[in-house]
Each structure stands twice: as C-alpha cells, then as structure tokens.
Amino acid sequence: ITKNIIIIVIDGPRYSETWGDTSFSNIPRMKKISESGVLFTNFNNKGATYTIPGYTSITTGNNQEINDLGLETPALPSVFQYWNKKYMQNLSVSRIFASKDKLSILSDCVDSSYKGYYRPLSDCGVNGTGDSYRDDSITLGVTMASLAKDHPRLVLLGFGEPDYSAHQNNWNGYIEAIKNTDIYVSQIWNFIEKDKYYKGTTAIFVTNDHGRHLDNVKEGYISHGDTCNGCKHISLLAFGPDFKKGEVIKINRELIDIPATIAEILRFPMPTGHGSIMSELFK
C-alpha cells in the first residue's frame, strides 16, 4: 500500500529530553501519534555522532567517516538515487529539505556510476541555495508548500534548531526547539492524514542524526561526537499503512536500517547499503 515515504530528521536532541523522559513533556504530540505507529526505544547511531555522518547513514545505509562541514560528498549512492534510477522518476518527485545548508551534499555521491545522476531536488539553507542556516519554521513552510503543490513521493526533511541552540549553551532554547519540532511533526502528520494524495499511502520515519553528551561527559548537552550513550542513543518513530500500530519495539536497531527498509517497501535494490530490513515494523 505504501507509495510515498517521508523521513523527518530532528537534529541533535538527547534521548533524555525526548522519549527517555517518561512525562513526554517536550514531545506530547509525538507521544500521541506513536499510538498509531511503532516506536523503537533501542535505536542508535553506530557511526560518527555528527550531523553529516548521521544523515549519510540515513540516506546511503553506510556509517561513513565523512567531513561534517559539508566539504565532502557521500561515497555511495543514496536511496534517492537508487529509487530514481529504478523507476526513472521525474527527479522532482524526490526532494531534500533542510534547515542546515551543508546538507545539500546529500543529493549526490562520489560513486562514478551515480555522480551527477538520478539526483533528488535539494532545498537546504537560506533560500534553498546552501547559504547558511535557516529557521526550522521556514523549512517546514517550504516543505508543506511542496507537499501540497508538487506531491513529492520520497522526501527527507531535516530540522536543525535543537542542535543549534544546544551548541549555543542555550538550554531554554534547546528545549523550546524540541517542543517546536514536536509541533512540526504533528502538522505534517495531520496534513498526510487528510490529504487525498498522501492519505493511506504514506509512511513517515521520524528519527535523529545523533544525540548529545551525557551530563557527566565533557561539556554535557552543549556538544556531541563521541561514543557515549547520550550521543549514540537516539529514537525512531515510524507510522504507515503497512506498519503495526501502538507497538513499542526494544530490538537494537540503527540508522542504516532505515534505507534498507525503505528499499524493501518501495521495491528497489540498494546493493551498497549495509543495513537490515526492520521486518518487525510490518503488520
């Protein structure tokens, strides 16, 4: 039944401020939405716990050591490129939207058979040109407008504000940003549930690229990038017409399993991916 997939990545909240907080005070809407989907509570980034490596795991199915400043392109093709090649899509039906400009590198790869080919459209950073960060509310608006008008079928949406505020040592801003992404996810969910094009045919994955240091590690929540549990332990919430409802899964899974599962759902090969299909998701 699933024809469309939206991957939402919330950059850098710690598990302790999201699903690890049993009051769910920062994510009440996602907690409610989880009753209609599957929550993975033992989900991890098993690669480098920085933004671009995390996103590269999500798009290519490989834990690659890659420059985090946007100066390097992923080595291997992405789900977008494999999907576009298999179905020779009008490339506008696959899109990347992100608040962080550097994530525009995700639209291509180094692999000579794919470099420059089968690329999704990219709208990252200010004016979508890859020029500095933009506010998450702007990224949401651009994405919602595209969903309503263009009906892209394979979408990656990246919110950056929780990570940005934490790096500024702004705890209140960090918490506020998590609460805002909770609102944004619910807005997308509500739109999908009502839109005649997407309703009943769309799966959504909500995850993170990395977490943050535990309070007793280095400078605590301000930063990230090592193998502490705060940086590695993230979350995955998935809902869609082929998935179970109201399930909490404790199986150990990781970011590279997302593209493997997408390839299975949309029936295209992804030979360079190293993830496993999350079969426990399905009805």
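The values are calculated or read from the model by the stated rules, or taken from the named source; none is laboratory data. Since we're looking at a predicted model, the values are computed, not measured. Glycine gets a Cβ as well: all are built from the backbone with ideal geometry, and neighbour counts include every protein chain shown. These accessible areas exclude ligands, DNA and RNA; they are computed on the full protein's heavy atoms, side chains included. Shrake-Rupley method; radii C 1.70, N 1.55, O 1.52, S 1.80 Å.
Rolling a 1.4 angstrom probe over the protein heavy atoms, how many square angstrom per residue are accessible across the chain?
Details: 11290 Å² over 283 residues.
On a per-residue basis, the chain sits at 40 Å².
Taking only Cα atoms and a 10 Å spring cutoff, compute GNM fluctuations for the chain and point out the largest among Tyr87, Tyr55, Tyr174.
Between Tyr87, Tyr55, Tyr174, it is Tyr87 that shows the largest mean-square fluctuation.
Tell me the relative contact order for segment 67-133 as a rounded percent, counting alpha carbon contacts under 8 Å between residues six or more apart.
On the way: 126 pairs, mean separation 25.2, N = 67.
Contact order relative to length: 38 percent.
Per-residue HN-Hα couplings for segment 116-125, Karplus 6.51 cos²θ - 1.76 cosθ + 1.60 at θ = phi - 60°, whole Hz, x for Gly and Pro?
x, 10, 6, 7, x, 5, 10, 9, 10, x
Once label points are set 7 Å from the Cα along Cα→Cβ at both Phe191 and Met88, what is their separation, rounded to one decimal in nm?
Between Phe191 and Met88, the label points sit 3.1 nm apart.
Roughly what would the spin-label model give for His151 and Asn229, points 7 Å off Cα along C-beta, in nm?
4.7 nm
Could you tell me the relative contact order of segment 1-150? Use alpha-carbon pairs under 8 Å, at least six residues apart, and round to a whole percent.
RCO, segment 1-150: 15 percent.
Per residue of segment 253-270, in order, report the coupling 6.51 cos²θ - 1.76 cosθ + 1.60 (Karplus, θ = phi - 60°) as ³J(HN,Hα) in whole Hz, putting x for Gly and Pro.
Residue by residue, segment 253-270 yields 10, 9, 4, 5, 6, 5, x, 4, 6, 5, 4, 5, 5, 8, 6, 9, x, 9 Hz.
Normalised by the residues of the chain, what does the relative contact order come to in percent, with Cα pairs under 8 Å and at least six apart? Provide the component values of the computation, followed by the final result.
Numbers: 673 pairs, mean separation 95.7, N = 283.
It comes to 34 percent, rounded to a whole number.
In Å, what is the Rg of the alpha-carbon atoms in segment 1-79, and how long is Dmax?
15.0, 41
Between Lys199 and Tyr117, what length in nm is gained on full extension when 0.36 nm per residue of separation is reduced by their alpha carbon distance? Working shown, then result.
On the way: separation 82, 0.36 × 82 = 29.52 nm, distance 3.05 nm.
Fully extending the segment from Lys199 to Tyr117 adds 26.5 nm.
Per residue of segment 229-242, what does 6.51 cos²θ - 1.76 cosθ + 1.60 with θ = phi - 60° give for ³J(HN,Hα)? Whole Hz please, x for Gly and Pro, Karplus curve as stated.
Listing the rounded values in order: 4, x, 7, 7, 7, 10, 9, 9, 10, 10, 9, x, x, 9 Hz.
Could you list which residues have their amide H under 5 Å from that of Gly61, counting only those 5 or more apart in sequence or on another chain, with H placed in the peptide plane?
When sequence neighbours closer than 5 places are left aside, there are no close amide H contacts.
If the limit is 18 Å between Cα atoms, which of Lys46/Lys244; Lys3/Lys199; Lys149/Lys196; Lys46/Lys85; Lys245/Lys283; Lys149/Lys194 go over it?
Details: Lys46/Lys244 25 Å; Lys3/Lys199 10 Å; Lys149/Lys196 12 Å; Lys46/Lys85 28 Å; Lys245/Lys283 8 Å; Lys149/Lys194 15 Å.
Flagged as over cut-off: Lys46/Lys244; Lys46/Lys85.
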